[in-house]
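The values are calculated or read from the model by the stated rules, or taken from the named source; none is laboratory data. Note that the structure is predicted; figures quoted are calculated from it, not measured. Every residue, glycine among them, receives a Cβ derived from its backbone with ideal geometry; neighbour counts consider all protein chains shown.
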Amino acid sequence: MSLGSVYISPNEIFQVLFSDTFNESAIYNIIIHYRFPKTITSVFAGAALGFAGLQMQTLFRNPLAGPFVLGISSGASLGVALLVLSGIGITGILASWSMAIASIVGSSIVLLLVLLVSINIRDSMSLLLIGLMFGAFTSAIVSVLQYFSSANDIQNFLFWTFGSTGNLNWQEMKVFIPVVVGGMAIGYTQAKPLNALLLGENYAQSMGLTIKKVRIALVLSTSLLAGVVTAFCGPIAFLGLAVPHIARIIFKSANHHVLIPATLLLGAILLLICDIIAQMPGLDLILPINAITSLFGAPVVIWLIVKSKNMSRNFG
Amino acid sequence: MVKTDNIFHTEKLAIGYKKGRATNILMDNINLSVKRGQMICLLGANGVGKSTLIRTLARLQPTLEGNVILLGKNILDYKHKELAQNISLVLTDPIQGGNLNVLELVQMGRYPHTSWSGQLSSIDDEKVNIAIQQCEIDYIRNSNIFEISDGQLQKALIARALAQDGDLMLLDEPTVHLDANNRFTIMELLKKLVEETGKSVIISTHQVEMALELADELWLASCGDPIVSGKPKELIEKKLIAKMFPYLSKLS
């Protein structure tokens with residue numbers, strides 16, 4: 001929190017947070033209205049994305065699964081693209097709200113489609129492919145929309161796709177945090193089924209797991225987590241994919257009672273680190289967080305693949 | 001163990017696959033029964049529907065016709081958890097549970113017996129330990145399942161099914177990837193388990209010789225005909241074994 005264009009010492013931060021000395025000063029404003037919400041957002045967004053990635057990787061038994069392959073983020077992008085590129089000039093507080101809503105609506109529509117398909121499909125691999133197809137489909141629509149939009153609208157949309165954890169004010173936090181916590185709660189109740197799913201769906205069913213119920217709970221949890229984060233922070237790449245792998249390597253466990261807290265913690269830490277890098281101390285500008293996560297996430301994933309030789313052995 | 005107690009049977013069961021309106025029936029009019037403490041070997045050529053039968057009996061896929069009755073109750077009327085407490089499985093599905101060790105694998109067998117948190121009670125721990133002892137895998141209990149051999153993994157999977165503690169265990173080709181020694185060990189182990197625990201076991205296998213020697217009953221599946229069941233000796237006398245496996249007579 002102390003790092004940024006203006007350096008604020010930890011001491012001052014504590015004073016702002018826990019006493020009244022700095023009321024209404026510039027530092028107070030920076031901390032309460034920018035740094036503090038940003039930090040909390042990073043913690044929750046990182047934890048949410050990591051957890052969502054873990055659930056998807058186990059459900060699909062695929063090391064490359066993440067919240068984004070289900071098409072959830074593409075759905076969110078489509079919602080935002082429709083809003084921004086349609087050129088309706090909403091400004092101020094309404095703009096961020098309508099953006100969030102458009103994004104959540106977009107991701108829920110894709111989610112509902114995926115859920116509908118999943119009722120008729122037995123194996124999760126097809127579901128994964130369908131998610132990818134939905135993603136391709138929605139990004140195609142986004143491209144078409146971009147083609148017909150004004151330069152200004154495209155710029156707005158591009159800024160959203162860069163991702164940022166710093167756009168949330170306290171009002172928006174009141175939506176963001178409960179949804180994330182709700183998604184995590186649903187996900188946490190599935191820790192035991194997730195363990196059973198490690199052996200594959202046939203074994204899981206033979207152990208008394210109701211596969212449809214679990215699948216719906218997991219997809220619901222993931223889309224809540226990924227949908228709301230994408231809505232407020234933009235599509236943050238790689239975190240959902242990389243965090244579960246790092247957690248498995250560090251904690252050397254396949255047990256989701258261990259992995260869930262581990263991904264929550266690591267996701268939060270990683271996004272915080274990326275966030276700090278994004279707003280390098282001494283620099284006046286803030287880099288897009290999505291670029292940072294990709295810049296660091298991609299090499300990490302490559303390193304992981306090379307190190308473990310056979311990725312499929314290392315995922316849960 | 002009294003071997004007269006009927007715990008499991010099928011009534012005019014038909015198995016196969018439905019695709020739209022077309023139905024592909026692999027086997028029909030299957031009337032079989034399993035007694036407590038019986039070791040049954042299901043023999044038949046590739047593609048005749050052995051795995052399909054195993055999966056249907058375990059309710060992993062729907063029946064086309066007829067009923068499967070477990071302990072006097074249709075398996076369709078069981079809740080998922082209830083059924084899992086009575087039937088356990090060893091399948092040919094590849095296991096990809098990275099970072100999982102043998103102990104954790106066997107503990108998964110207790111899944112239908114634990115609450116939502118998956119916390120193991122002392123009874124669960126004891127059953128897991130007994131299953132590990134009975135399958136003679138105590139020495140690898142902390143090894144990662146990718147460090148152990150296929151034969152050891154198969155034993156661990158059997159231990160998992162054993163820890164699930166149902167009356168009936170279904171095994172789909174448990175010896176399929178193994179060398180001759182391991183095939184022998186696994187079948188001997190299964191025979192020993194049936195005798196020690198009084199559970200009933202149905203094994204689909206291509207090991208005709210071992211099945212003839214160890215099984216209490218054989219189920220012979222051939223394309224187009226209904227499954228024939230009987231004691232190995234009876235089936236040999238009726239020349240059914242020789243008819244189905246002509247290569248056996250050429251060997252001896």
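Laid out as a table, the results:
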{"quantity": "The one condition in (1) facing chain A (nearest Cβ under 8 Å); (2) crowded, with 20+ Cβ neighbours inside 10 Å; (3) of a type in the set (S, T, N, Q) that B:Q107 fails to fulfil", "calculated": "(1)"}
{"quantity": "Qualifying positions in segment B:127-182 - polar (S, T, N, Q) and touching a Cys at 6+ places or on another chain (Cβ under 8 Å)", "calculated": "none"}
{"quantity": "Test result for B:Q152, more than 14 Å from chain A (Cβ to nearest Cβ), among the polar types (S, T, N, Q), surrounded by fewer than 23 Cβ atoms within 10 Å (Cβ to Cβ) and under 18 Å from B:E195 (Cα atoms)", "calculated": "no"}
{"quantity": "Residue under evaluation A:V214, criteria (1) within 14 Å of chain B (Cβ to nearest Cβ); (2) under 27 Å from A:L113 (Cβ atoms); (3) within 18 Å of the chain's Cα centre (by Cα), criterion not met", "calculated": "(3)"}
{"quantity": "Qualifying position, being closer than 22 Å to A:A262 by Cβ, of a type outside the set (S, T, N, Q) and in contact with a Phe, Trp or Tyr (Cβ under 8 Å, 6 or more places away or on another chain), among A:L225, A:L194, A:L209", "calculated": "A:L225"}
{"quantity": "A:A204 being touching a Leu at 6+ places or on another chain (Cβ under 6 Å) and either more than 9 Å from every other protein chain (Cβ to nearest Cβ) or closer than 22 Å to A:G131 by Cβ (or both)", "calculated": "yes"}
{"quantity": "All positions within segment A:154-192 that are in a helix (DSSP H, G or I), more than 24 Å from B:G118 (Cβ to Cβ) and of a type in the set (S, T, Y)", "calculated": "A:T161"}
{"quantity": "Subset of segment B:110-124 [more than 7 Å from every other protein chain (Cβ to nearest Cβ) and within 20 Å of B:L171 (Cα to Cα)]", "calculated": "B:R110"}
{"quantity": "Residue list for segment B:96-113, restricted to those being of a type in the set (A, V, I, L, M, F, W, C) and in contact with a helix residue (DSSP H, G or I) (Cβ under 7 Å, 6 or more places away or on another chain)", "calculated": "B:V102, B:L105, B:V106, B:M108"}
{"quantity": "Neighbours by Cβ (under 7 Å, 6+ apart or cross-chain): first from segment A:185-200, facing chain B (nearest Cβ under 9 Å); second basic (K, R)", "calculated": "A:G200/A:R61"}
{"quantity": "Total residues in segment B:67-95, condition outside any helix (DSSP H, G or I), within 13 Å of chain A (Cβ to nearest Cβ) and not aliphatic (A, V, I, L, M)", "calculated": "6"}
{"quantity": "Pick from segment B:94-114, criterion over 19 Å from A:Q205 (Cβ atoms) and of a type in the set (S, T, N, Q), ranking: modelled with the highest pLDDT", "calculated": "B:N101"}
{"quantity": "Selection count, segment B:41-66, where residues are away from every other protein chain (no Cβ under 14 Å), more than 25 Å from B:M187 (Cβ to Cβ) and either loosely packed, with under 15 Cβ neighbours inside 10 Å or among the charged types (D, E, K, R) (or both)", "calculated": "1"}
{"quantity": "Criterion: touching a His at 6+ places or on another chain (Cβ under 7 Å) and either in contact (Cβ under 8 Å) with a residue 60 or more places away in the chain or crowded, with 17+ Cβ neighbours inside 10 Å (or both) - qualifying residue of B:D165, B:D124", "calculated": "B:D124"}
{"quantity": "Check on B:E234, free of Cβ contacts under 8 Å to residues at least 40 places away in the same chain and not basic (K, R)", "calculated": "yes"}
{"quantity": "Restricting segment A:222-257 to residues that are buried (at least 24 other Cβ atoms within 10 Å of the Cβ) and polar (S, T, N, Q), the residue that is nearest to the other protein chains (Cβ to nearest Cβ)", "calculated": "A:T222"}
{"quantity": "Matching residues, segment B:127-137, being surrounded by 14 or more Cβ atoms within 10 Å (Cβ to Cβ) and more than 19 Å from B:I95 (Cα to Cα)", "calculated": "B:K127, B:V128, B:N129, B:I130, B:A131, B:Q134, B:E136"}
{"quantity": "Single residue of segment B:1-40 satisfying the filter (of a type in the set (K, R) and within 21 Å of B:E213 (Cα to Cα)) that is surrounded by the fewest Cβ atoms within 10 Å (Cβ to Cβ)", "calculated": "B:K3"}
{"quantity": "Check on B:T52, touching a Gly at 6+ places or on another chain (Cβ under 8 Å) and polar (S, T, N, Q)", "calculated": "yes"}
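Matching residues to (1) β-branched (V, I, T); (2) under 16 Å from the mean Cα position of the chain (by Cα); (3) closer than 23 Å to A:T189 by Cα:
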{"site": "B:L64", "(1), (2), (3)": "no, no, no"}
{"site": "B:P112", "(1), (2), (3)": "no, no, yes"}
{"site": "B:G118", "(1), (2), (3)": "no, no, yes"}
{"site": "B:I130", "(1), (2), (3)": "yes, no, no"}
{"site": "B:C135", "(1), (2), (3)": "no, yes, no"}
{"site": "B:S143", "(1), (2), (3)": "no, no, no"}
{"site": "B:F146", "(1), (2), (3)": "no, no, no"}
{"site": "B:Q152", "(1), (2), (3)": "no, no, no"}
{"site": "B:A156", "(1), (2), (3)": "no, yes, no"}
